[in-house]
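Take a look at the structure set out below.
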Amino acid sequence: MNSIYKLPLVLEPQPEGGYTITCPLLPELITEADDVSEIYTHVADALIAVMELYKDMGRPLPAVLMPMAVGTTMWAETLVPVVVA
């Protein structure tokens, strides 16, 4: 089952290229991506790992991790890489 979670992300450019990605609301969520197109996949993988960590520790998930209800209107700020010729 797919779920949608709304999380703020901080993308910190790295000198060697790519980004380190963190979430101010979930300090356990840390991942990296070589470019913008990889961010969602890497964040989704990291979020699954954080959710498993909470489960293994017997801790309830923070309220921020509750999936959005089906049919909910969403506001999404999205990175859109555009190559201008």
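One line per residue, one yes/no per condition, for (1) more than 13 Å from Lys6 (Cα to Cα); (2) surrounded by 12 or more Cβ atoms within 10 Å (Cβ to Cβ); (3) aliphatic (A, V, I, L, M):
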{"residue": "Leu29", "(1), (2), (3)": "yes, yes, yes"}
{"residue": "Asp34", "(1), (2), (3)": "yes, yes, no"}
{"residue": "Ser37", "(1), (2), (3)": "yes, no, no"}
{"residue": "Ile48", "(1), (2), (3)": "yes, no, yes"}
{"residue": "Arg59", "(1), (2), (3)": "yes, no, no"}
{"residue": "Ala69", "(1), (2), (3)": "no, no, yes"}
{"residue": "Thr72", "(1), (2), (3)": "no, no, no"}
{"residue": "Ala76", "(1), (2), (3)": "no, no, yes"}
{"residue": "Ala85", "(1), (2), (3)": "yes, no, yes"}
Given the conditions (1) assigned to a helix (DSSP H, G or I); (2) out of contact with any Ser or Thr (no Cβ under 7 Å at 6 or more places or on another chain), every one holds for Arg59 apart from (1)
Among the residues of region 63-74, is any out of contact with any Pro (no Cβ under 6 Å at 6 or more places or on another chain), assigned to a loop (DSSP other than H, G, I, E, B), polar (S, T, N, Q) and without any contact (Cβ under 8 Å) to a residue 12 or more places away in the chain?
yes
Of all residues in region 1-24, which are in contact (Cβ under 8 Å) with a residue 40 or more places away in the chain and among the charged types (D, E, K, R)?
Lys6
Cβ-Cβ distance below 8 Å, separation of 6 or more or different chains: which pairs start in region 25-46 with a residue that is part of a loop (DSSP other than H, G, I, E, B) and end on one that is exposed (fewer than 14 other Cβ atoms within 10 Å of the Cβ)?
Leu25/Leu7; Leu25/Pro8; Leu25/Pro62; Leu25/Val64; Asp34/Gly17; Asp35/Pro81
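Read-outs throughout are calculated quantities, based only on the coordinates presented, and are distinct from any laboratory measurement. These figures come from a predicted structure and were not determined experimentally. Cβ coordinates were reconstructed from backbone atoms using ideal geometry, including for glycine residues, and neighbour counts include every protein chain displayed.
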